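Note sheet for the following structure.
The values are calculated or read from the model by the stated rules, or taken from the named source; none is laboratory data. Because the structure is a prediction, the values reported are computed rather than measured. Counting neighbours? That spans all protein chains shown, and the Cβs are built from the backbone with ideal geometry, glycine included.
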Amino acid sequence: MNYDVNEVIGKLTDFLKSEAKTETIIGQQFKLGEFICVPVIGVGFGLGIGGGEGTDPKKASGAGLGGGAGIGMGPLGFLVTKGLEIQFIPTRQSKGLSAVFEKLPDILEKYFDKNKNDKKEAPASV
């Protein structure tokens, strides 16, 4: 038996390119008042293929091929714009340590902004 594994993988990849799009899963961008909302998705894909051929001097020869694939898709959140501002709004709230890491950039930005403002407001020493 002759199987073209590259052809099978190519067909699966083409399928994913055509189907794994935000529009296919949760829709296109939309306007909500002054805001433009763009859905963002996550896609995960796994593929396994195996095959072989063999002969036994006392029995007939044989060949086999097997494979499996899995795909997971779902909404992650929305990119929301208003004027020149853009923000990502997640669809799920993180808990525990991952929530701390997600908030860390905002916390650091506020800290550095406060330090910068404090230095500007501090009286010059004579």
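A few points about this structure:
- When the residues of region 34-60 are filtered to those that are of a type in the set (Asp, Glu) and touching a residue at least 24 places away in the same chain (Cβ under 8 Å), the one that is surrounded by the fewest Cβ atoms within 10 Å (Cβ to Cβ) is GLU34.
- Residue match in region 89-100 (condition: part of a loop (DSSP other than H, G, I, E, B), surrounded by 12 or more Cβ atoms within 10 Å (Cβ to Cβ) and at pLDDT 80 or above): yes
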